[in-house]
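Engineer: Sharing a structure, written as structure tokens. Questions coming.
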Amino acid sequence: MNKENIISQIKILSTSMFKKNFFGICHGSVSAKLSQSSFIINKNDTFLNQLDEKSLSILKFAKDYSWDEASSDSEIHKSIYENIPEAKFICFACPTYTLSMSLNHDFITPQDYFGEIFLKEIQVYNPKNYEDWEDRSQTEIYRYMLEQKQNFVVVKGYGIFAYGRTSYELGKIIDLIENSCKIIHLAETNLS
């Protein structure tokens, strides 16, 4: 796949996810693997609903000056690409219902058809100490994905890191998780 096609896919994915409130104004990241040793990711101070070539950084796995303006999540994206070969697209999303559910549940059990079929039970990863989470996250996130044999991790009070072989697959997993959490929330609200 050529660079222009990848940029187009990232733009479409990012805009769609922003419209669904999966990204905040200053929270979120999206990337795509370009080669065995490089990837493209949004810059640090970028509005994710208006991505263009100028708002993206091409990063080599070996750090250089281009890392300075790239997303603060770049290290996490890099570690996933290095350790999980099938990861071609990655995002960090902060969908509201998922974040809310993660604060009060160790497991999220989808009750809707699509959530139950595609997700089963979702274990919420508890980083315990937020003070050093930024340092630990680049290792703990990809290891957790490998241990759980799944392409996402819901981090308590933080958000979702996920990867896909395609941009569509990546968007789908975030959408499934958030819709399941929203349905659980609405069902619980209606019961009380």
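Engineer: Pick from PHE39, PHE114, PHE92: which is most flexible by mean-square fluctuation in a GNM of the chain where alpha carbon atoms under 10 Å apart are linked?
Structural biologist: Answer for the Gaussian network model of the chain: PHE114.
Engineer: So what is the 222 nm mean residue ellipticity for the chain from helices alone, if each DSSP H run of at least 4 adds -39500 (n - 2.57) and you divide by all residues, rounding to the nearest 500 deg cm²/dmol? Write down the numbers at each step before the final one.
Structural biologist: Details: 6 runs with 83 residues, N = 192.
Only helices count here, giving -14000 deg cm²/dmol.
Engineer: While we're here: Extension gain HIS27-THR166, at 0.36 nm per residue separation less the Cα-Cα distance, in nm?
Structural biologist: Numbers: separation 139, 0.36 × 139 = 50.04 nm, distance 2.20 nm.
Length gained between HIS27 and THR166: 47.8 nm.
Engineer: While we're here: Hey, which lysines would be in cross-link range of LYS149, C-alpha to C-alpha under 24 Å, not counting anything within fewer than 8 residues on its own chain?
Structural biologist: LYS33, LYS78, LYS88, LYS120, LYS128, LYS172
Engineer: By how many nm would the segment from ILE7 to ASN83 lengthen if fully extended, with 0.36 nm per residue of separation less the alpha-carbon distance? The partial results should precede the final answer.
Structural biologist: Details: separation 76, 0.36 × 76 = 27.36 nm, distance 2.29 nm.
Answer, rounded to one decimal: 25.1 nm.
Engineer: How large are Rg and Dmax for the stretch 66-128 when calculated on the C-alpha trace, in angstrom?
Structural biologist: Here Rg and the maximum Cα pair distance are 15.0, 44 Å.
Engineer: Here's a follow-up. Under Stokes-Einstein, with the Kirkwood radius over Cα pairs standing in for Rh, what whole-number D in µm²/s applies to the stretch 3-191 at 4 °C and 1.567 mPa s? Please list the in-between numbers first.
Structural biologist: Working: Rh = 16.6 Å.
Answer, rounded: 78 µm²/s.
Engineer: Expressed in nm to one decimal, what extension gain is obtained for the pair ASN129 and TYR113 from 0.36 nm per residue of sequence separation less their Cα-Cα distance?
Structural biologist: Numbers: separation 16, 0.36 × 16 = 5.76 nm, distance 3.45 nm.
Full-extension gain reported as 2.3 nm.
Values quoted throughout were computed directly from the atomic coordinates according to the rules given, and no laboratory measurement underlies them. A quick note: this is a predicted structure, and the numbers were derived from the prediction, not measured.
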